[in-house]
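The values are calculated or read from the model by the stated rules, or taken from the named source; none is laboratory data. The shown structure was predicted, so the numbers you read here are calculated from the model rather than taken from an experiment. Using ideal geometry, Cβ is built from the backbone for each residue, glycine included, and neighbour counts are taken over all protein chains shown. For the accessible areas, the whole protein counts, side chains as well, though only heavy atoms, and no ligand, DNA or RNA atoms are used. Shrake-Rupley method; radii C 1.70, N 1.55, O 1.52, S 1.80 Å.
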Amino acid sequence: MSHTSSARDANLLGATALAVADRLAAAPRDAAVLALDDWLAGASVEVLARVVALTHSGTVRLADRLESERLLERRPGADARSVAVYLTVAGHAEAGRLRAAREATLHELLAPVGAGREPFVAGLEAVLSALTAAGAAPRRTCRLCDAHACGHPDRCPVTLAARH
């Protein structure tokens with residue numbers, strides 16, 4: 001059976017995506033800490049649950065664990081029935097550690113691209129835009145992102161696609 005170069009390209013993308021995901025090994029805990037360090041600060045448990053892809057009860061248990069680690073604190077939410085979650089000083093420090101480790105891994109993974117980096121990044125932007133336009137949840141997609149490094153909100157392909 002003969003495979004087309006298109007099938008090969010798709011297979012390479014799939015294998016690369018899985019290998020990168022394995023290298024980042026982002027547990028819901030890490031995603032929660034990174035997101036709460038920036039754009040998700042003060043979110044409700046319900047919003048956090050959607051970002052980290054856990055059930056409500058699973059997210060409550062995650063918040064309990066983060067609170068027991070002294071990384072998270074609960075405060076009154078927007079209404080009497082809700083609770084907002086924020087990182088503590090220790091939580092922000094943990095987010096910095098996680099972000100630095102993630103950045104180092106991603107730089108290492110980008111190194112082999114070399115001189116072809118500009119078109120490669122343009123391709124990444126196009127894929128992210130298309131995924132967002134096709135319904136990928138921006139907060140879920142960007143749960144590990146450093147929004148400032150990405151140029152959010154003016155240059156981030158996910159944010160730009162979500163606006164349209």
task: Measure off, as a whole percent, the carbon and sulfur share of the 1.4 Å-probe accessible area of segment 29-164, all protein chains present.
output: 58
- request: Please state, to two decimals, what the Cα-based radius of gyration of the chain comes to when divided by 2.2 N^0.38 Å (N = residues).
  value: 1.16
message: Between Asn11 and Leu124, what is 0.36 nm times their sequence separation minus the Cα-Cα distance? Round to one decimal in nm.
response: 39.1 nm
task: Write down the accessible area per residue of the chain in Å², having rolled a 1.4 Å probe over the full set of protein chains.
output: 62
- prompt: So between Ala100 and His148, what do we pick up on full extension, going 0.36 nm a residue minus the alpha carbon distance?
  reply: 15.9 nm
statement: Cβ-Cβ cut-off under 14 Å around Ala15, Lys and Arg +1, Asp and Glu -1: the net charge is 0
- prompt: Highest GNM mean-square fluctuation, the chain, Cα pairs closer than 10 Å: which of Gly58, Gly42, Gly123?
  reply: Gly123
- request: Could you work out how far the C-alpha centroid of segment 125-161 sits from that of segment 1-36, in angstrom?
  value: 16
query: For segment 55-138, what's the relative contact order in percent, using C-alpha pairs closer than 8 Å and at least 6 residues apart?
result: 15
query: In debye to the nearest 20, how big a dipole does the chain give about its Cα centre with +1 on each Lys and Arg Cβ and -1 on each Asp and Glu Cβ?
result: 280
